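Only one structure is covered here, and it is reproduced in the block below.
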Amino acid sequence: MCRHLGWLGAEVTLSSLVLEPPQGLRVQSYAPRRQKHGLMNADGWGVGFFDASSGGDVPRRWRSSAPLWGETSFESVAPALRSHCVVAAVRSATVGMPIEVSAAAPFTDGHWLLSHNGLVDRALLPASAIGARAESVCDSAMLAATIFDRGMDALGDTIIELGAADPLARLNILAANGSRLVATTWGDTLCILRREDGVVLASEPYDDDPDWEDVPDRHLVEVSADGVKLTALDHPKGAR
Ligand code: GLN
């Protein structure tokens, strides 16, 4: 499975989130510490961020089908790119999925940036929702199109329904729109770091700070200016 990371808070450099941490996504691309499926994440990467110079709600992306560890151009530019809201991922492609830049998260509908860590049976995703919207035939791109079509407020319900329909699915989503960061745990790890200047959600800690907290499986996490809210996904709607 892939590893992903989200940030909502003060403006920070992309480099400080993705490249500089001792166990950040760059290191996780070849030596993840908590990955249960797959050994490394060499099948591409993507860093998406909301651009304050365009009002703070315009998503911009830099993606590649190459391993993050060798990306010297990104390494050169990342210290100069700043954002208050970021979704980044390194990819370990599921067997049978294409290795191409359009299959690398984050995906976007022009408002949200979305990463999926896991797998899902593509036959269960409604063709009507996906249409021409999916960026790739990769399951994660088709799942992103489905989630965008259903709306982000229905994310928890969409995951519960797909999880019930496909018991083998792993549905770990991370998405942001510039003012909200949302995530689900469904079959893989997610950790929260509440920093003084913002909140990090990440598949695994990017350092050994004791303040990292584990999110239980089958939960929805919502981060906004109001704080961090966790909701269990295996209980009836609205229950904690
Ligand atoms: N199934 C997705 C892909 O092939 C995500 C894989 C993953 O989480 N490693 O890209």
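The values are calculated or read from the model by the stated rules, or taken from the named source; none is laboratory data. Every value quoted in this text rests on a predicted model; they were computed, and no experiment measured them. All Cβ positions, even for glycine, are placed from backbone atoms using ideal geometry, and neighbour counts span all protein chains on display. The protein model used for the area step is the full one, side chains on, heavy atoms only, and it has no ligands, DNA or RNA in it. Shrake-Rupley method; radii C 1.70, N 1.55, O 1.52, S 1.80 Å.
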Got at least one residue in segment 149-159 being closer than 30 Å to Q23 by Cα and within 16 Å of the ligand (Cβ to nearest atom)? yes
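Condition check: within 16 Å of the ligand (Cβ to nearest atom) and of a type outside the set (D, E, K, R). Does A31 satisfy that? Break it down stepwise before answering.
Working: within 16 Å of the ligand (Cβ to nearest atom): yes; of a type outside the set (D, E, K, R): yes.
Taking the combined requirement at face value, the residue satisfies it.
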Which condition number in (1) in contact with a Cys (Cβ under 9 Å, 6 or more places away or on another chain); (2) not in a strand (DSSP E or B) is the one that S73 fails? (1)
Among the residues of segment 18-70, which ones are open to solvent by 50 Å² or more (accessible area, probe 1.4 Å), among the charged types (D, E, K, R) and in a loop (DSSP other than H, G, I, E, B)? E20, R33, R34, K36, D57
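Pick from segment 95-120 the residues that are of a type in the set (V, I, T) and either open to solvent by 50 Å² or more (accessible area, probe 1.4 Å) or within 11 Å of M142 (Cα to Cα) (or both): which of them is farthest from the ligand (Cβ to nearest atom)? Explain how you work it out, then say what you get.
Keep residues of segment 95-120 that are of a type in the set (V, I, T), which gives 95, 99, 101, 108, 120.
Narrowing further to those that are either open to solvent by 50 Å² or more (accessible area, probe 1.4 Å) or within 11 Å of M142 (Cα to Cα) (or both): 95, 99, 101, 120.
Details: V95: 8, I99: 9, V101: 12, V120: 7 Å.
In this case the residue turns out to be V101.
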Could you grab me the full set of residues in segment 141-189 that are aromatic (F, W, Y) and more than 22 Å from V200 (Cβ to Cβ)? F148
Counted residues, segment 15-34 - those being of a type outside the set (D, E, K, R) and over 15 Å from the mean Cα position of the chain (by Cα): 10
Single unsatisfied condition, A134 versus (1) away from the ligand (no atom under 16 Å from the Cβ); (2) open to solvent by 10 Å² or more (accessible area, probe 1.4 Å); (3) touching a helix residue (DSSP H, G or I) at 6+ places or on another chain (Cβ under 6 Å): (1)
